[in-house]
Structure formats: structure tokens, C-alpha cells
Amino acid sequence: MRAQAFDEIMGMAGRPPRAELDALARWLEATPAIELRRRQHSAEAAFRQLGITFAVYGDNEASERIIPFDIVPRVFLPDEWDRLSRGLVQRVEAINAFLDDIYGERRILKEGVLPSDLILGNPQFRPEIAGIRPPHGVWAHICGIDLVRTGPDDFFVLEDNARTPSGVSYMLENREAMLRLCPELFRNFRVAAVDSYPDRLLEVMKSVAPRGVATPTCVVLTPGHFNSAYYEHSFLADSMGIELVEAADLVVDEDIVWMRTIAGRVKVDVIYRRVDDDFLDPLVFRPDSMLGVPGLIAAYAAGNVAIINAPGNGIADDKAIYSYMPEIVRYYTGSEASLPNVETWRCREPEALRYVLDHLDELVVKLVDGSGGYGMLVGPTASREEIDRFRAALVAEPHRYIAQPTLALSTVPTMAEAGLAPRHVDFRPFVLTGTRGVQVVPGGLTRVALREGSLVVNSSQGGGTKDSFVLMADAGATQSQSQSQSQIQALRPDGGAR
Amino acid sequence: MRLSIHHRTAYRFSAPQARLVQMLRLTPQNSHDQTVARWRIDIDRDARMSEGRDGWGNVTTMLYVEGPVEEIAIEVSGEVLTSHSDGVIRGVAEMLPPGLYLRSTPATAPDPAILAWAADLRQTDPLTTLHGLNGAIHQRFEVDHGRPVAGRSAGEAWSRAKATPRDLAQIFAVAARHLGQPARYVSGYCRHADQEHPTPHGWAEAWVEDLGWVGFDPCTGLSPQEDHVRVAVALDAAGAAPVAGSRLGEGAEQLDVEVRVEEA
């Protein structure tokens, strides 16, 4: 019933492999499956040893698992990547401008581009921080934009992640494994390096430090070792050479954040927090939070600390807002979004709801505030009971849901039980924004649905990961991010609180 | 009316605290009908303070105290000139659009019993509806001027015969929002002639198109008069709390609040 999927290496079924990737197809053919499998096991053993595990929610055992790794890389051609990068830069510029506006003047509501109740009634819009402007007006320092592909030139944004997108450690560790296990690929292909990510991130962090701080102190704030992404937190702190702290290590005094060290107090200027807004400051958000730093928001409002990403960003990646992203991009950048959205029905609209209820067996239905593949219905593979359960939930609370068509996601050859087989993939590139503009790291996290025919790539639902190669054009070119650098004109150059 | 206000908040801890960080919303702002003539916050020990604003636009004072702290008292005193008004708030800078105040919070969750009761109060004119609602809440409850119960939601208070001003204001907010009028909680002071142990007061405001924010005090069934001093607003009482605190240390705390509001 579903349309034939596009394979990113082999092209369409029954035709020869894509010319540009012929060499990769030949490599796949020439390397025996048993050898590919051996390398894959070796990579997974290394990940297990490093402790790159995640916890599965809703699982009574709360088991720690590693995310399966697939040895066959996913490849982007230079011109594909350039187009993609330009679209990502545009999208992230719009996200930053949107956040700056929505917590400030709210022009976009006054001009009626978005329905006001969509923002004002949305729990992700945090009135507690209204009127605060982050240092240098940068809000979404690290974005993970989830993309899917349906054809050679057809990329769609599936969702924006502007809070604390995770997964970058997989990008880096997967690459390290590939360099070790498949060195021949890097001799045959000019693959853009991703290992500069920690340096770039640190540069972004330093760039958004409050004004007048010559050598800013940056830290990574983690909820602690019981968090499912703790490995990534410690990995990032380690590779940037900065402290990994928990809330108890920070104190606020006279609106300044200090870190307790054995050598005494050290002033902290930039915090990359991997803690949700709710748990940042018990005086402002959840009062019962043990993970928070009392007074942190006061220090932030006083312009004495940068928080990465800014509190309140959840309003930009909310699924109900997502469907308006084309309008948001047009409003703030003045041009059409070069990366389109997936067609989306907003169930809050009666007509859309009617359509969705009539086509539940064809659609993907998602909770606007859900993530990780929880609270999601994949119509074509769902049971009768699941569909009925969602129908009841939709009728009861339509505003909490959106629906999208099931797309023929592209596939990449993947090591399956019986040998190489096409499996559906998505992609999360990481986009960094500092005072010097927006940059796209040439790589990202490719997630793959390991079950045959499955479209759910979430690690909690049996997904795995692959390395993502971005090929460079020719020997003369530097890395492709130079073309996607841009200045953020939408953001005012002055920093601090409004 | 010239009101003299004295408000003392004292905490005693059963074990010494290593540190205290508090956010105080204890400073009134000027408006068309309210002029702050004199206002000060004193702490009975070494403390560092800094002034700011929260997202609702309230004036905040951050308080940082190094331990060991076994007790602390926050003393607020001042004088405010008020004039008689029709309850309409004028001359206050608003940080957030009225539509935001249609939201609920855990303490102002849309309790089915309140909604069912409120549905009958709807009139064609919003202002008439809100006055009717205010009067109906006033008639339904006996006012309990004791210490408010922290964390008690409007829904929990609804089934009681006696409720505190805070409970009544939160019930008002739940009902008004259900009737389509943005509503919020106001914390402040009120001169009560007949009150034995005065506490900080709480009432409500609702947004009426073409008028703006209008005060409603379900304790009296009327709009706030010149004996009310407005200090802070938020979606519920917790958001406008005079003191939000966090302490580093073991043990329990004992809170003691004294309020005097007199005509100066």
C-alpha cells in the first residue's frame, strides 16, 4: 500500500545504485557480511564499555541498554548538504527570532500571524520568564532539527528540538568507531570531520557570556548520574575541558552564580544545562525541585549568567507550534521556508479533527507535548484497540494532538539478521548559534528503525544509530559549514535584560 | 486614605541552616489609585538583597543569607495613599497579555463542581457576570481569617463551609476563567476593622474588555476599596506568594506572621 521507499545508497528498487555512491555500494558488496558483523559487534562492545547507555521509560525493569549501532554509514553528497544546511540555518534563525519576539514584544501575535491562544494557553510558554532577554539575544544555542527524506531532493522537518537536544555524543562516538573499524572508507571518501564539535560548542558558549567577562567560566549542569543521558553530559564536559556540575555545586549570591570548588568559590558565566526548565530554580518553577539552583533565574534576569539553551524555549519546539513553522519562518526571515514541514493536521481545528478521525488507520497521531515515540499512534501498523483508544483520546482532548501522513521514509542498507537489507532512517543534525551566527555541524545523528518495515526510529522503540557522512566537494573546499555561516540579523546586538 | 502597613514574617528552624535564598514579593507599586509614600524591607540579620522583577511584572527582592541561620525575620513597613476607585486598575504596566490569564494551574485547576456551579451565573454583560460571581462566592462561604493552608486548591476549598480569602480568590479565578474572563490572584493588604489576627490579604482581578483589569474581593462581595493595597499578581496564590524560599539544611521550620494595617 505504501509507496516504494527511496534508498539513499541503492536508489530506487530495480535500478542501479546512485552513481555518486557507486563506490560505497561496491564496498558493501565486496565486504563479507560476516566481516561487517564482526566490526559492528566490536563497536557495540566498545560502547558498552564506555557506558553509552540509555534507560527505557515505561519499562518496569528500567533497564540500561546500549543503542544498537549499524556499521553501514548514511551519506550526504556535497550539494545535498549545502541545500540542507541553508535550510537549517534559516529555520534556526527563525526559531531564535521567534523566541526573542514571543517573550518580548509579541509582534507575531499582535499582527495575527499566530493565534494568540496557541501561545498564551500553551504550558510551554513560560510567563515566569517573560521580559527577560538572554545575553546577546541568543535563545536556541543548540538545536537538533529532526529531518526525514522521501526522495533525492525531498527533505522534510519532522520536529524541532530547541530545549536540550541529546544525541550528539552518538554522532561523535559513532564516527570514532567508524574511523577505527572501517578506515578504508575514509581513504576512499572525503568525509567532513565532526570531531571539532566540542570546540565549536565551547566557542559558542564563550561568545554568549555576559558582557565584560574576559575569560568566561563555562560549566555543564547535569541532573546527575541517574539521568539517561548522563554519559553524554560527562562526555561533553570532558571533551570541552569544563566542569560537570550538579545543582548542589552551584550557589547564587547577590544575583551571581558561583561554583563551589576545593579552591573556593568560582564565578560561573555560562551554564550549558541538561536540566529541564521545571527543575532550574525552585523559587520560580517547581518548588519541590531538588535539582534546581535557588536564585538562578534572578541571576539570569540580572544578565549575570547565560543559560544554554534559554529557559522557555519549549514553546518553539512544541508540536502544536510546529505546524505554524512555515508561517514563522516567513514572518521572521521574509522568505519561504526552504525546508518544508510534513503536512500536519491540527486536531484543535474541528475540520482537521474530522479528517483525522476518518483516516486514523493511515495517519501518525502524536501528542503535542510528547516525545521519544511515547503517546504516538502509527495508524497503518496499529491494532484495532490502539486505534479505538486514540479515537477516544482525540475526541476528549483534540487540542493535545496533531496528525501527519505516514511518509515513505528513505532507507539505507542496514545489517539485519539475514544480511544487508533496507531500513528506514531519519536524521538529526546539530545547529549551533552564538554571537557570530548560525553554523551547521557537518554530520549528525542518523537513527534507523531496525525492524523490517518499521517507521519508528526512537531508541526507546527499538531504533539504532548509524554514522552520517557528509562528503566534501573537492580538495580546495574547507568544511561545508563555511557556506552555511550567517549573521543573525534578526537579533539585536545589545545583550542583557530588556 | 493613608494606610500604615506593618508586616513581619519570622521563620524559626529546628536546626541551623547553612544558607537561605528567598524571593520576596513584598513591594507595592504605584498606580492611579495607589501611591507608595514610604516603604522599606528590613532583615534582622546580615543579608544581601537585590531588587528585580518577575515575569508577571511584580517587584521582587532577592534575599541571600549565609548560615548558620536558626531564625530570621523579614520586616516590612510603609505608608500607602489610596483613593476610592471603581475597582478598575489603572496606570500599571502589564508584562503579559490578558489572554494568558485564562490558563489554569494546579491550585486553580478547572474543578468540575465549581464549573457546574459557575455555569448558571453567566449574564450577557461580562462585568455583570463577574460582579454576580463575586457576590455568589461571598454568600456561599463563611470567611476564615486564619492562616491560609498552603497548597490547598480551589477544588479542595470548594466543599468547605469556611474558606480563607486566598481560597475564595482562587475559586473566583477558576470560575471567571471558565466563563471566558481572564482572571488572576492578587496578594496585598487590607484594613479589616473586625479582624483579630490580621494576615496578608488576597483577592482577585478579572479582565473586562474596554475596561481593563477590575478587582473583585469575594470576602466582601465587592470590588476592593481604598482600604486595599495591591502588591503582587499571578495565576494563583503561589505565583504571587509574598515569600518564596529555599533553605539548605535539615529540620523543620516554624512560620510566624504578623500584619497590622491601620489608617495613618
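The values are calculated or read from the model by the stated rules, or taken from the named source; none is laboratory data. Keep in mind that this is a model prediction, so the values were computed, not measured. Note that we place each Cβ from the backbone using ideal geometry, even for glycine, and neighbour counts take in every protein chain shown. Just the protein is used for accessible areas: all its heavy atoms, side chains included, with ligands, DNA and RNA removed. Shrake-Rupley method; radii C 1.70, N 1.55, O 1.52, S 1.80 Å.
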_Positions within the stretch A:225-249 being touching a helix residue (DSSP H, G or I) at 6+ places or on another chain (Cβ under 8 Å) and among the hydroxyl-bearing types (S, T, Y), in sequence order_ = A:Y231, A:S239
_Members of the stretch A:298-325 found to be open to solvent by less than 10 Å² (accessible area, probe 1.4 Å) and of a type in the set (A, V, I, L, M, F, W, C), listed by number_ = A:A299, A:V305, A:A306, A:I307, A:I308, A:A310, A:I315, A:A316, A:I321, A:M325
*From the list B:E51, B:E70, B:E66, which residue is within 14 Å of chain A (Cβ to nearest Cβ), without any contact (Cβ under 8 Å) to a residue 60 or more places away in the chain and more than 26 Å from A:I129 (Cα to Cα)?*
B:E66
*Taking B:Q170 and the conditions (1) open to solvent by less than 20 Å² (accessible area, probe 1.4 Å); (2) closer than 23 Å to B:S77 by Cα; (3) not hydrophobic (A, V, I, L, M, F, W, C), which numbered condition does it fall short on, given that it satisfies the others?*
(2)
*With (1) within 14 Å of chain B (Cβ to nearest Cβ); (2) open to solvent by 10 Å² or more (accessible area, probe 1.4 Å); (3) outside any strand (DSSP E or B) as the list, and A:D238 as the residue in question, which single condition is left unmet?*
(1)
*Please determine, by comparing only the residues of the stretch A:292-315 that are within 23 Å of A:G241 (Cα to Cα) and not aliphatic (A, V, I, L, M), which one is nearest to the other protein chains (Cβ to nearest Cβ).*
A:N304
_Exclusive hit being in contact with an Asp or Glu (Cβ under 8 Å, 6 or more places away or on another chain) and buried (at least 19 other Cβ atoms within 10 Å of the Cβ), set A:V364, A:V368_ = A:V368
*Specify the residue that is nearest to A:V266 (Cα to Cα); the eligible residues are those in the stretch A:167-208 that are open to solvent by 10 Å² or more (accessible area, probe 1.4 Å) and assigned to a loop (DSSP other than H, G, I, E, B).*
A:S196
_For the structure I just gave you, tell me whether B:W203 is within 14 Å of another protein chain (Cβ to nearest Cβ) and crowded, with 18+ Cβ neighbours inside 10 Å._
no
_Just the residues that are among the charged types (D, E, K, R) and in a strand (DSSP E or B), please, taken from the stretch B:26-51._
B:R38, B:R40, B:D42, B:R48, B:E51
*asked:* Name the residue that is farthest from the other protein chains (Cβ to nearest Cβ), counting only residues in the stretch A:128-145 that are open to solvent by less than 10 Å² (accessible area, probe 1.4 Å) and in contact with a Phe, Trp or Tyr (Cβ under 7 Å, 6 or more places away or on another chain).
replied: A:G144
*Could you please give the count of residues in the stretch A:269-291 that are crowded, with 24+ Cβ neighbours inside 10 Å, within 13 Å of chain B (Cβ to nearest Cβ) and either closer than 18 Å to A:G137 by Cβ or under 25 Å from the mean Cα position of the chain (by Cα) (or both)?*
3
*Please state which one of A:A214, A:A248 is of a type in the set (G, A, S) and either within 14 Å of chain B (Cβ to nearest Cβ) or touching a residue at least 24 places away in the same chain (Cβ under 8 Å) (or both).*
A:A248
*asked:* Among (1) open to solvent by less than 10 Å² (accessible area, probe 1.4 Å); (2) not in a loop (DSSP other than H, G, I, E, B), there is one condition A:R447 misses while meeting the rest; what is its number?
replied: (1)
*B:G87, sole failed condition from (1) touching a Gly at 6+ places or on another chain (Cβ under 6 Å); (2) facing chain A (nearest Cβ under 10 Å); (3) within 20 Å of B:P200 (Cα to Cα)*: (2)
*Search the stretch A:326-345 for residues being in a loop (DSSP other than H, G, I, E, B) and among the charged types (D, E, K, R), and hand back the single one that is farthest from A:Q124 (Cα to Cα).*
A:E336
_Take the residues in the stretch A:251-268 that are within 28 Å of B:T60 (Cα to Cα) and hydrophobic (A, V, I, L, M, F, W, C); name whichever of them is farthest from the other protein chains (Cβ to nearest Cβ)._
A:V266
*Give just the number: which of (1) within 14 Å of chain A (Cβ to nearest Cβ); (2) of a type outside the set (S, T, N, Q); (3) in contact (Cβ under 8 Å) with a residue 60 or more places away in the chain does B:I5 not satisfy?*
(1)
_Condition (residue is farther than 20 Å from B:A93 by Cβ, touching a helix residue (DSSP H, G or I) at 6+ places or on another chain (Cβ under 9 Å) and without any contact (Cβ under 8 Å) to a residue 40 or more places away in the chain) applied to the stretch A:92-102: is it met by at least one residue?_
no
_Residue under question is A:T164, and the condition is that it be outside any loop (DSSP other than H, G, I, E, B), away from every other protein chain (no Cβ under 14 Å), open to solvent by 10 Å² or more (accessible area, probe 1.4 Å) and β-branched (V, I, T); does it hold?_
no
*Give the residue that is nearest to A:Y103 (Cα to Cα), with candidates limited to residues of the stretch B:84-132 that are part of a helix (DSSP H, G or I) and of a type in the set (V, I, T).*
B:T108
*Checking B:I41 against (1) of a type in the set (A, V, I, L, M); (2) out of contact with any His (no Cβ under 8 Å at 6 or more places or on another chain); (3) farther than 30 Å from A:L250 by Cα; (4) more than 10 Å from chain A (Cβ to nearest Cβ), the condition it does not meet*: (3)
_Output for the stretch B:241-264, where each listed residue is in contact with a Phe, Trp or Tyr (Cβ under 8 Å, 6 or more places away or on another chain), over 24 Å from B:T60 (Cα atoms) and aliphatic (A, V, I, L, M)_ = B:A252
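Results for (1) free of Cβ contacts under 8 Å to residues at least 24 places away in the same chain; (2) touching a helix residue (DSSP H, G or I) at 6+ places or on another chain (Cβ under 9 Å); (3) within 14 Å of another protein chain (Cβ to nearest Cβ); (4) not in a helix (DSSP H, G or I), shown as yes or no for each residue.
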residue	(1), (2), (3), (4)
B:G155	no, yes, no, no
B:A176	no, yes, no, no
B:Y185	no, yes, yes, yes
B:W207	no, yes, yes, yes
B:E226	no, no, no, yes
B:A232	no, no, yes, yes
B:A241	no, no, yes, yes
B:D256	no, no, no, yes
B:V259	no, no, no, yes
